[in-house]
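Asker: Structure below; questions to follow.
The values are calculated or read from the model by the stated rules, or taken from the named source; none is laboratory data. Since the model is a prediction, treat every value here as computed from it, not as a measurement. Here the Cβ positions follow ideal geometry from the backbone for every residue, glycine too, while neighbour counts run over all protein chains shown. Ligands, DNA and RNA are stripped out before the accessible areas are found, and what is left, the full protein with its side chains, is counted by its heavy atoms. Shrake-Rupley method; radii C 1.70, N 1.55, O 1.52, S 1.80 Å.
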Amino acid sequence: MSNPSNLRPRLQTTLDSLKRLTGVILRDQRVRFLIVGGTNTVVGFGLYTGLWLTIGHVIGYLGSLYGSYALASLLAFNLYRRFVFHVRGNVLVDFLRFQGVYVVSLVINTVSLPLLVELLGWSPLSAQAVIVVVTTTVSYVGHKFFSFRRRPLPFDRSAPDTPSV
């Protein structure tokens, strides 16, 4: 039987290794985007499902889509701005640009959802689950290169010349 006092240093070493590995993984913006995007997708799809199942008979599947987009986009903006792209500056400008990208995704969704539901006979929930894959890709590109784009910092002539790594 192992001595519990011997387990503590090994456990601490394992925890330290996991903490370092998590830090390395989370340095990659694409990984952070996928984590935040995955979270927002689950929330958005949950909102869509909740709206569809509760008041969908009144507002329809497109009404459920628009309601879920409106609510999920508020969460997404805050998470992307803070945790993925780490930007500062004019929140209103960023929000308007962000919504511009979201509108592109919403248009794709608005066109695709009826095509899959009405023409192909898919259920609204199945169709929405597939469309999310496309809109996630569009969203990443749009947010990276438009919503949260920042100009590069001016070259500091006083800094020593160092080769790029």
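Asker: Can you tell me the FRET efficiency between VAL111 and THR39 if r is taken as the Cβ-Cβ distance and R0 is 30 Å, rounded to the nearest 0.05?
Answerer: Plugging the Cβ-Cβ distance into 1/(1 + (r/R0)^6) gives 0.70.
Asker: Further, regarding this structure: Going by average Cβ neighbours within 10 Å, how do the peptides 121-127, 42-48 rank, with the highest at the top?
Answerer: On the way: 121-127: 14.9, 42-48: 17.6.
Going by the mean number of other Cβ atoms within 10 Å, highest first, we get 42-48, 121-127.
Asker: Within the stretch 94-108, name every residue whose backbone N is under 15 Å away from a label modeled 7 Å from Cα of LEU119 along the Cβ vector.
Answerer: From the stretch 94-108, the list is 108.
Asker: If we count every other residue with Cβ under 11 angstrom of SER147's Cβ, Lys/Arg +1 and Asp/Glu -1, where does the sum land?
Answerer: For residues surrounding SER147, the net value is +4.
Asker: Another question about this same structure. Only helical DSSP H runs with n ≥ 4 go in: add -39500 (n - 2.57) per run for the chain, normalise by residue count and round the 222 nm mean residue ellipticity to 500 deg cm²/dmol.
Answerer: One gets -25500 deg cm²/dmol as the mean residue ellipticity at 222 nm.
Asker: Let me ask something additional. Could you list the square roots of 5 times each eigenvalue of the Cα gyration tensor of the stretch 1-86, that is, the equivalent ellipsoid semi-axes, sorted largest first and rounded to whole Å?
Answerer: Semi-axes from the Cα gyration tensor: 42, 18, 7 Å.
Asker: What percent does the relative contact order of the chain come to when contacts are Cα pairs within less than 8 Å and at least six residues apart?
Answerer: Result for the chain is 21 percent.
Asker: Also, I was wondering about something else. Mind checking the stretch 1-107 for trypsin sites (Lys or Arg not before Pro) that DSSP puts in a loop (not H, G, I, E or B) and that have at most 10 other Cβ atoms within 10 Å?
Answerer: Values: sites: ARG10, LYS19, ARG20, ARG27, ARG30, ARG32, ARG81, ARG82, ARG88, ARG97; in loops: ARG27, ARG88.
Of the trypsin sites (Lys or Arg not before Pro), the ones in loops of the stretch 1-107 whose Cβ has at most 10 other Cβ atoms within 10 Å are ARG27, ARG88.
Asker: Quick one: with all protein chains in place, what share of the accessible area of the chain is carbon or sulfur, to the nearest percent (1.4 Å probe)?
Answerer: 68
Asker: Grab the beta carbon distance between ASN78 and VAL104, set R0 = 30 Å, and tell me the FRET efficiency rounded to 0.05. Numbers along the way, then the final one.
Answerer: Details: r = 20 Å, r/R0 = 0.66.
The value I calculate is 0.95.
Asker: Please work out how much length the chain gains when fully extended from THR54 to GLN12, using 0.36 nm per residue of separation minus the C-alpha to C-alpha distance, in nm with one decimal.
Answerer: Value of the extension gain: 10.3 nm.
Asker: Work out, step by step, the length gained on full extension between GLN29 and PHE145: first 0.36 nm times the residue separation, then minus their alpha carbon distance; give nm to one decimal. Don't jump to the answer; show the numbers that get you there.
Answerer: Values: separation 116, 0.36 × 116 = 41.76 nm, distance 1.29 nm.
My answer for the length gained is 40.5 nm.
Asker: Which label belongs to the value computed from this structure, given these candidates for Cα Rg over 2.2 N^0.38 Å: [x] 1.41; [y] 1.09; [z] 0.98?
Answerer: Calculated Cα Rg over 2.2 N^0.38 Å: the matching label is [x].
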